[in-house]
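Please read the structure below before turning to the comments.
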Amino acid sequence: MPETLAAAAAVLVARFRRQRPLRGGSLIVTIFGDSIMPRGGAIALGSLIRIAAPFGLNERLVRTATARLANDGWLEGRRAGNRSEYRLSAGGRERFAEATQRIYGEPAADWSGRWTLVVLPPMRAAQRHQLREELTWNGFGEIAAGVFAHPEALGHELKQEPQTAALLSKALIFHAILTDADAPARLVGLGWDLEELARRYQAFVARFERVEAALRLSRGVNPQASFIARTLLIHEYRRLHLRDPLLPPRLLRPGWPGTRAADLCREIYARAFIASEDYLSNAAAQLDGALPPPDPSVVQRFGGIALSPRTTVPAC
């Protein structure tokens, strides 16, 4: 008998709950970025506690995690009597917007063959660590001590990051063309551990193909299970995909599993989207009333998700 969506979602939840420590704050970040930001960016604390409960997050953990995220500048809260609401801060929205482009956007298909190289000057260890984190976030690989490479990243865009602009202004940033035919493959081998990334993508695909099959064979709509599957899909994909340097396809081996993972995300997201939005509309609210309808731009995620014929983006 085919596995139901509820059963497939329960397997995902069980795996999530086995993590030690249980990273409730990270899951709440996923919920805000994937579900709450397109619907106004704010949610009553009681509603957040309600929708987090099926993942094994109790009230105390949710309260602690949201307070910590507020202290870290991701969220800001407001109160009305004894009720609270959290919304994305301006800085949180900016960080989510950047991550959203990487998670849901389509990789560039064209590449001129040029590389961007960044050579760091002597600097304090803390500054070097900060730059290394920023360059890695932007997909650079460290091909030698203090030397980073990426397929044609734009140096001026890197210097626009306020936290690292001053440090990068002291670095040497230039473009290069590799002359040997096998040099790009050797450079990729120096800068990135793609085999480990490929194994993680393969495990992700094996895990979520069960969810895709359950959604494909489902005869009824299960809003809560759809929300759980969608949330854990993006939660696991986010943590994996943000480690991906997103190299041009011609630099990747044939049958790169990241491509299948992206296709799987698009398929599951499209199939679970409407029911998960119905669940949010019924289970969550802001202090001033119902959540606003989702921004129409959400259907452009993953290059455009094809919703089922019965649906459009709901007016909730």
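Across every pair of non-identical alpha carbons in the chain, the mean reciprocal distance, once inverted, gives a Kirkwood radius of 21.3 Å. For the pair segment 158-236 / segment 1-33, the C-alpha centres are spaced 19 Å from each other.
Under a model in which nothing but the beta-carbon of Lys, Arg (+1) and Asp, Glu (-1) is charged, the chain shows a dipole of about 980 debye around its Cα centre.
The alpha carbon gyration tensor of segment 180-287 gives principal lengths a ≥ b ≥ c with a/c of 1.5 or higher and a/b greater than b/c, which makes the shape prolate. Comparing mean-square fluctuations of 89, 169, 26 from a GNM of the chain with C-alpha springs under 10 Å, the top value falls on 169.
Other residues within the sphere of radius under 12 Å centred on the Cβ of residue 86, judged by their own Cβ, net out at +4 (K and R +1, D and E -1). Only Cα pairs under 8 Å and 6+ residues apart enter the sum, and on that basis the relative contact order of the chain stands at 25 percent.
What you get for segment 195-280, charging only the Cβ of Lys and Arg (+1) and of Asp and Glu (-1), is a dipole of about 180 debye around the Cα centre. Between 0 and 90 degrees, the angle of helix 125-137 with respect to the longest Cα principal axis of the chain falls at about 70 degrees.
Per-peptide packing, taken as the mean over residues of other Cβ atoms within 10 Å, places 62-71, 219-228, 263-272 in the sequence 263-272, 219-228, 62-71 from highest down.
Here, each number is a calculation from the coordinates, and none is a lab measurement. Remember, it's a predicted structure, so these values are computed and weren't measured experimentally. Quick reminder, even Gly has a Cβ in these numbers, built from the backbone with ideal geometry, and neighbours come from all protein chains shown.
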